[in-house]
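Okay, structure first, notes after.
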Amino acid sequence: MLGTGWQARGQAQAISCVRPLAEIRAWGRDPARLKSFCADVEKSCATRARAAASPEEAVRGAGIIVTATSAEQPVLRGEWRAPGVPLNAGGSNPAKNN
């Protein structure tokens, strides 16, 4: 999971309803929000959630990858994703309303 906001929480909850998850590895730019996200997800998904030190650590070896972030710069590199691993991508829209 790359992101720690409401969309990330919703994605974690939805996926945990349809897939057995051994662990959710999450990364976010704000350490306090990341810690809170992991605690909330552990409770709501009944799955271990672990804070990753980097986006790469969160993604490498994952069976499902989710990007749910407002980051305006890329946070995921294609070489971190194993072939065939599903990717749920959502995030920032750089064309802001003017």
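The values are calculated or read from the model by the stated rules, or taken from the named source; none is laboratory data. Bear in mind the structure is a predicted one, so any value in this text is a computation, not a measurement. Backbone-built Cβ (ideal geometry, glycine too); neighbour counts: all protein chains shown. We work out accessible area using only protein heavy atoms, side chains counted, and drop any ligands, DNA or RNA first. Shrake-Rupley method; radii C 1.70, N 1.55, O 1.52, S 1.80 Å.
Residue-wise test of (1) among the charged types (D, E, K, R); (2) modelled with pLDDT under 95.
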{"position": "G3", "(1), (2)": "no, no"}
{"position": "A12", "(1), (2)": "no, no"}
{"position": "R19", "(1), (2)": "yes, yes"}
{"position": "W27", "(1), (2)": "no, no"}
{"position": "K35", "(1), (2)": "yes, no"}
{"position": "E42", "(1), (2)": "yes, no"}
{"position": "A49", "(1), (2)": "no, no"}
{"position": "A52", "(1), (2)": "no, no"}
{"position": "E56", "(1), (2)": "yes, no"}
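Please work out if T4 is within 13 Å of the chain's Cα centre (by Cα) and among the polar types (S, T, N, Q).
yes
Scanning region 62-81 for residues that are part of a loop (DSSP other than H, G, I, E, B) and aliphatic (A, V, I, L, M), which turns out nearest to S16 (Cα to Cα)?
Our first condition is that a residue be part of a loop (DSSP other than H, G, I, E, B); within region 62-81, this holds for 62-64, 70-77, 81.
From the residues that got through so far, the ones that are aliphatic (A, V, I, L, M) too are 62, 64, 71, 75-76.
On the way: A62: 14, I64: 11, A71: 24, V75: 23, L76: 22 Å.
Only one residue tops the list, namely I64.
Quick one: is A26 assigned to a helix (DSSP H, G or I), open to solvent by less than 60 Å² (accessible area, probe 1.4 Å) and of a type in the set (A, V, I, L, M)?
So A26 does not fit the description; no.
So which residues in region 14-54 are farther than 21 Å from S70 by Cα and among the acidic types (D, E)?
E23, E42
All but one of (1) modelled with pLDDT of 95 or more; (2) part of a strand (DSSP E or B); (3) not small (G, A, S) hold for N88; which doesn't?
(1)
Please determine whether any residue of region 47-69 is open to solvent by 70 Å² or more (accessible area, probe 1.4 Å) and in contact (Cβ under 8 Å) with a residue 40 or more places away in the chain.
The answer is no; no qualifying residue exists.
Which ones in region 1-18 are closer than 17 Å to R50 by Cβ and part of a loop (DSSP other than H, G, I, E, B)?
M1, G3, T4
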